Each structure stands twice: as C-alpha cells, then as structure tokens.
Amino acid sequence: MQDFAASLAHAIGLILSGDAELWAIVLLSLRVSLSAVLIAAVIGMPLGAALAVARFPGRQALIVLLNALMGLPPVVVGLVVYMMLSNAGPLGVLQLLYTPAAMIIAQVVLVMPIIAALSRQVVETLDREYSEQLRSIGVSRLGSVPTLLWDGRFNLLTAVLAGFGRAIAEVGAVIIVGGNINHVTRVMTTTIALETSKGNLALALALGTILIFIAITVNAATSAAGGTARRLFHA
Amino acid sequence: MRDLRLSHSGAVTGVPTPARDLPISARGLRLQRGGKLLIDVPDLTIETVGPTMILGPNGAGKSVLIRLLHGLVEPDAGQITLAGRDPDRAARARQAMVFQRPVLLRRSVTGNLHYVLRFHGVPRSERRARVRDLLARGDLSGKGRQSARSLSGGEGQRLALIRALAGAPEILFLDEPTSSLDPGATQRIEALIARAARAGTKVIMVTHDLGQARRLGEEILFLNGGRVEEQTPVADFFPRPRSAAARAFVDGHLLV
Ligand SMILES: Nc1ncnc2c1ncn2[C@@H]1O[C@H](COP(=O)(O)OP(=O)(O)OP(=O)(O)O)[C@@H](O)[C@H]1O
Ligand SMILES: [Mg+2]
C-alpha cells in the first residue's frame, strides 16, 4: 500500500513537472490517434452516408458486416497489418513496419468501421426525416449526402469521438506493428503495459492518469456535441 | 410587395410557364399498400391554369395522390405524364410541394431558404435580397436567424410555403398549407398562393376549408376512397355536387 502511495505521488510529480519523456509519449499517442481518426473520418463518414442512402443488392449484408467490423479484435488487426507491412508482405517495400505510420494504418483499420457504421445510423435516421423533402426539391439520392452530413454534423462528431476513444485506448494493434521502440513508437498504452511489467509503476500510473483524463474529456465533448445540436437545431 | 420573380431571369427561377408541364395526366393509376387499394384513378387530366383544389374526407387518399403526381411515390400500375412527356428529375425540380407535416431542415430560417435558392443556381449576390423578400412575404422577417425547428406550427407552415415558392415552381403542390394558421395568417397565405397562381404557377392544393376552396380554386377534384368522384369547376361544384358522396360531404360541412 505504501508502495502504491509512493508511486502515485511520484506519478503526479512526473505530470506536474512536465517530464520530457512522459510528454513525448503523450504527444506521440495523440499524433498517432488523431491522424488515424482524421483519415478514418474522411473515409468512413461519406462511406457510411452513402450506405445509408444508396439502395443496391447486398446492402443489408454490407451493413451487417460493417457493424461486425466495429468489434474487430485489435491484436488481429495488428497481426494482419503486420503481415501486410513486413518485408515479405505486399506493402513491404514501403518499409513502414515499426514506425508511427504503421501504427496509424492499424488504427485506421480499427476505427474506420466504427465511424462508418455509426455515421450510417446517424445519416439513415436523418434521411428518413429528410428524404421526401429533398427529393421534392429535386436533390438526387447521392446528391443528398453532403446535406445529410452537414445537418447531422453534431451527431457525427459523436461517432468520430467514439472512434478516437477506441484508438487512443487500444494497445494490441500498435504494439505489434509499432514494436514499442523507445523514443520512436512508444505510446501511452504500450508504455503502460511495458512499465507495469518492469515494476516501474510511477510512469505507468502517470500515463494511466492522463489516459483517463483524455477519456473523460472525450465523453464530455460527446455530450456537449449532442447538447449543442439540441440547443441550436431542436433536433 | 414587389414580386422579385418577375425581375429575375434564371432558367429555372424565372417566370413560371406551367403550360410547358401541363396538362398533368394520370392513366390507370393504382397504388396498393398492405393489401389495400389506396388509389385507383383510371383517367385524370388536370388542365386548367387556375388552382385545382382537392377535397375529400380523411383517409380519402388526397395526400397519397399528390405524392404520386409529384413523383415522390412510384405507382404500382399506370403512369403520369406532364404535357405528354414522362416526368424526370428536371421536371420535378420545376415543381415544389408543401407537406401536410412540413419538413424543416436543421438550419436557421434563412438557411432553409438559401438551401433551395442555391440548389436552383441563384447567384450568391442575389440570394440575400431574395431571402429578405421571401421572409417578408411569409411574415417571418424578424425570425431569419432563428432555428427553423423552433418555429411555432403556423410559422413553420409559412416557412415551408415561402421555401416552396423560392424556386418559382411551375407546379406547386400544397397539402393543407393553412391547417394550423390563425385567420389573419390564413388570409395572408391565401393572398400569397393567389399571387403565385396569377404569376403563372399551377397550384394543386388539398384543403378541408370549403371557403378556401371557393376563394382560391378554379376547379374541384373530389376524392373518396382513393377514387376521383368528381372533377368540376368551382362555380358548379358547391351549388350542385354531382356525386352522392360529394353532396354528403358538402352538406356535412354546412351543418357543422
Ligand atoms: N404507406 C402506407 N401504408 C399503408 N397505408 C397507407 C400508407 N400511406 C397511406 N396509407 C393509407 O391510405 C389512406 C389515404 O391516406 P392519405 O394520407 O392520402 O389520406 P388523406 O386524404 O390525405 O387524409 P387526411 O385528410 O386525413 O390528410 C389512409 O387510409 C392511410 O391510412
Ligand atoms: Mg392528407
């Protein structure tokens, strides 16, 4: 118990003193996960929206598949991305393994289905309300996608934040493709895993505290987005 | 109030020339839902340039019929032609509709109007003036920045109507556009509708207000059980409804 208290005190000291190593790890985590979420959103939101408004055979199967992909196990994603990027893999020439780029790719694969599937739901709900009116104005089905994305933007932000929450907290995929190399690919989650096993609880606890703080911030932002939508648009 | 449409010279937003899309004809039109025949209209032609008023009891199929005519619902059988041609999306863009339950976009009041003007290719420089004019017409001048969905029921109906007028439609479908308006607003909206009709828009309008049908209409379409029971000039309909159902309908209204 005394051990724990000492570690905690040390951890708080690390955070408050602006420990360079600690903050380098935090910044890399944010850089990787924010990049991944940005890329996943740019692909996932239009994809989800198109899936919401388009009508084609196999659509329902695709929706089921997309929903299932939301729960992809991170280690499996890590494994597959590893095989793609390894020297023997199809993307081996890019020499991306054990770089932040590899971790971004893995997180995009992990997060894109989440953003796409949630966007599909948001857009489909809005479309049920809008479709006749937009059709009456003369807007085509696919032409209505930008309108639906824009008018649903606050609810879509929730989808993006859910994706970010998943990316920043994930450990299995980034540890496989990033390799947890000191000063290169060590992010918060992988460092916590490593340092805990080494018995260095102070750094692990400091990072854990920051991770929890980020989780709370994301949650607050999510409900703020919903509140803004209701206040501004009586949605 | 000046009618800006008369001074505007866009391809779509210029002076409506509904003759280009008239008559609207329906042949062998049938629509079935849940094993029930909702619409059964073997032969209908809407020709006159003056407003056509659709009357009939609740559930007669009035809303469904104008959805079909506007091209929002595909019939199970039969076809609709505009001036003998098959309707396409361009033809639908020359039409507008105000729904019985208006659908307002999750934007400000002016945002709703800008949306339609932008869709019709009205240049940015002209949009603001047009929005101002439309707001004035709908008596919503003070409400431009308000969220459309926070408007009262009657204000929302007025916004839906001026938004429908924004594209200067050649054919305007209205589904009980004054059902939640107070008498003063009803009068102003009727004036708007009448003016649009005079400016060349073909109005096809569902109403339960017989006085309104008389004031605005040139012909009456009486619908009952999904069938057109009567299509008569207004001047003939009220004194001498031909079908028994129409007679009962008109008498019922006079009694209450
Ligand atoms: N999608 C649907 N499935 C089943 N029944 C439907 C559907 N749409 C409409 N109906 C039925 O068709 C009938 C006609 O509906 P419609 O909305 O056209 O009536 P209306 O004449 O506009 O009535 P009101 O005056 O009450 O507005 C109603 O009995 C309605 O229940
Ligand atoms: Mg109706």
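The values are calculated or read from the model by the stated rules, or taken from the named source; none is laboratory data. A quick note: this is a predicted structure, and the numbers were derived from the prediction, not measured. Positions of Cβ are generated from backbone atoms using ideal geometry, with glycine treated the same way; all protein chains shown enter the neighbour counts. Remember, those area values only see protein heavy atoms, side chains included, never the ligands or the DNA or RNA. Shrake-Rupley method; radii C 1.70, N 1.55, O 1.52, S 1.80 Å.
Return yes when B:Ser152 is within 11 Å of chain A (Cβ to nearest Cβ), of a type in the set (Gly, Ala, Ser) and surrounded by fewer than 22 Cβ atoms within 10 Å (Cβ to Cβ) and no when it is not.
no
One line per residue, one yes/no per condition, for (1) within 14 Å of another protein chain (Cβ to nearest Cβ); (2) open to solvent by 60 Å² or more (accessible area, probe 1.4 Å); (3) over 18 Å from the mean Cα position of the chain (by Cα); (4) within 30 Å of B:Arg106 (Cα to Cα):
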| residue | (1), (2), (3), (4) |
| --- | --- |
| A:Ala54 | no, no, yes, yes |
| A:Ile63 | no, no, yes, yes |
| A:Leu66 | no, no, no, yes |
| A:Tyr82 | no, yes, yes, no |
| A:Pro90 | no, yes, yes, no |
| A:Met103 | no, no, no, no |
| A:Ala116 | no, no, no, yes |
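Considering A:Val139, A:Val109, A:Val123, which residue is of a type outside the set (D, E, K, R), open to solvent by 10 Å² or more (accessible area, probe 1.4 Å) and under 24 Å from A:Leu161 (Cα atoms)?
A:Val109
Here are some conditions: (1) of a type outside the set (A, V, I, L, M); (2) open to solvent by 40 Å² or more (accessible area, probe 1.4 Å); (3) modelled with pLDDT of 95 or more. A:Gly78 meets all but one. Which one does it not meet?
The single condition A:Gly78 does not satisfy is (2).
If B:Thr45 satisfies every condition in (1) more than 14 Å from chain A (Cβ to nearest Cβ); (2) of a type outside the set (D, E, K, R); (3) under 12 Å from B:Phe173 (Cα atoms) but one, which is the exception?
All conditions are met except number (3).
What tally of residues in segment B:199-247 results from selecting those that are in a helix (DSSP H, G or I) and more than 16 Å from ligand 1 (Cβ to nearest atom)? Let's see the steps before the verdict.
Step one: of segment B:199-247, the residues in a helix (DSSP H, G or I) are B:210-216, B:234-237, B:244-247.
With more than 16 Å from ligand 1 (Cβ to nearest atom) added as a condition, the list becomes B:211, B:214-216, B:234-237, B:244, B:247.
Number of matching residues: 10.
Condition first: touching an Asp or Glu at 6+ places or on another chain (Cβ under 9 Å) and exposed (fewer than 13 other Cβ atoms within 10 Å of the Cβ). Now tell me which residues in segment A:1-45 satisfy that.
First, pick out the residues of segment A:1-45 that are touching an Asp or Glu at 6+ places or on another chain (Cβ under 9 Å): A:13-14, A:33.
Within segment A:1-45, A:Gly13 is the sole residue that qualifies.
Please pick out the residue among B:Leu82, B:Leu55 that is away from ligand 2 (no atom under 14 Å from the Cβ), touching a residue at least 12 places away in the same chain (Cβ under 8 Å) and not aromatic (Phe, Trp, Tyr). Step through it out loud before you land on a result.
Values: B:Leu55 fails: away from ligand 2 (no atom under 14 Å from the Cβ).
That would be B:Leu82, the only listed residue that is away from ligand 2 (no atom under 14 Å from the Cβ), touching a residue at least 12 places away in the same chain (Cβ under 8 Å) and not aromatic (Phe, Trp, Tyr).
Select from segment A:209-235 the residues that are of a type outside the set (A, V, I, L, M) and open to solvent by less than 20 Å² (accessible area, probe 1.4 Å) and list them in ascending order.
Passing the criteria: only A:Gly226.
Please work out which residue is farthest from ligand 1 (Cβ to nearest atom), limiting yourself to segment B:155-188 and to residues that are part of a loop (DSSP other than H, G, I, E, B) and open to solvent by less than 10 Å² (accessible area, probe 1.4 Å).
Out of the qualifying residues, it is B:Ala168.
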